[in-house]
Amino acid sequence: MKSLFEKANIPTAKSIQVNDATELKECIKEFTFPVIIKPMDFGGSDGVYLANNEKECMDAYRKSKQIMETYADTFHVSINKFLIETFIDSDDEVSVEVLCGHHFYEVITVTEKYLSPRPWFTEMGHLVPSHRYKNEDIKNLAIRTCQTLGITRGVAHVEIKIKGDQLYVIEAAARPGGDAIMDLVENAYDMNPYPLHISMYINNKVKSADIFTPKRTSAIAFMKAKKGKIQNINYPDIANDSEIKK
């Protein structure tokens with residue numbers, strides 16, 4: 001994916017794959033700190049760490065490897081493949097859902113993503129649509145990304161980092177977005193993207209007639225906490241607020 005981005009001039013962070021600690025020590029020389037260490041074959045920002053020096057880099061690799069050793073069998077992902085990447089110093093991130101067909105691409109929505117404090121990058125919540133959902137630069141970059149990867153069927157998920165006026169593609173997947181994004185789209189747009197996704201696998205030459213216009217805003221937050229016992233849950237007062245659904 002990264003090599004295809006570079007060939008197509010898709011802006012993305014410099015990235016090198018490593019398979020063990022020895023390779024990582026050699027690759028560190030090609031980067032300026034801070035850097036990102038992350039699994040090559042995982043999702044949800046798990047195992048992603050920020051490293052400010054060589055020691056932190058090696059520590060991050062060990063922690064990320066421990067996570068993969070725990071979950072690799074469950075999720076059928078690689079236990080040994082990791083990436084060292086240039087750090088894009090920004091907390092602004094979106095994901096873009098793109099409907100892909102034979103010679104046509106349509107952006108369904110743009111999701112604002114909320115991340116945990118550094119040095120972790122766990123996704124803490126999503127907002128659909130993002131206030132950037134009309135941004136043509138973001139939408140065009142997402143479409144170019146899908147074209148570059150040769151995705152021509154179904155809903156694709158493109159993650160983009162925003163630093164000032166610069167956009168960087170973090171990654172893309174030939175699947176609908178997870179973490180309840182499809183539910184948020186359904187609630188905000190009064191349409192379910194899954195039938196569109198399936199229809200493109202039945203016949204990807206039939207262009208969708210849907211007009212993707214949001215009717216409302218929808219959001220979700222995820223509870224991330226240390227191991228322990230939950231003592232209390234503080235719910236918002238939603239008794240008289242018809243705009244909030246629990």
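The values are calculated or read from the model by the stated rules, or taken from the named source; none is laboratory data. Keep in mind that what you see is a predicted model, and the values were worked out from it rather than measured. As a convention, Cβ positions derive from the backbone with ideal geometry for all residues, glycine included, and neighbour counts pool all protein chains shown. Areas reflect the complete protein model, heavy atoms only, side chains present, ligands, DNA and RNA absent. Shrake-Rupley method; radii C 1.70, N 1.55, O 1.52, S 1.80 Å.
Below are the figures for this structure:
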{"item": "Helix-only CD estimate at 222 nm, as mean residue ellipticity for the chain, using -39500 (n - 2.57) per DSSP H run (n ≥ 4)", "result": "-8500 deg cm²/dmol"}
{"item": "Peptides ranked, highest mean first, by Cβ atoms within 10 Å: ranges 139-152, 191-204", "result": "139-152, 191-204"}
{"item": "Projected label distance in nm at Glu136 and Asn192, using a 7 Å step from Cα toward the beta-carbon", "result": "3.5 nm"}
{"item": "Under-5 Å amide H pairs with Leu115, H placed in peptide plane, nonlocal only", "result": "Met124"}
{"item": "Computed E for His76/Arg216 - FRET, C-beta separation, R0 30 angstrom, nearest 0.05", "result": "0.20"}
{"item": "Solvent-accessible area per residue for the chain (1.4 angstrom probe, square angstrom)", "result": "57 Å²"}
{"item": "Of all accessible heavy-atom area on the chain, the percent that carbon and sulfur account for (1.4 Å)", "result": "50 percent"}
{"item": "Student exercise, the chain dipole from Lys, Arg, Asp, Glu Cβ charges, in Debye to nearest 20", "result": "220 debye"}
{"item": "Inter-part distance where segment 62-112 and segment 137-198 are each reduced to a Cα centre, Å", "result": "12 Å"}
{"item": "Where labels lie 7 Å past Cα in the beta-carbon direction, separation of Ser199 and Ala21 in nm", "result": "5.4 nm"}
{"item": "Label-point gap, in nm, between Met1 and Asp59 - each point 7 angstrom along Cα→Cβ", "result": "2.8 nm"}
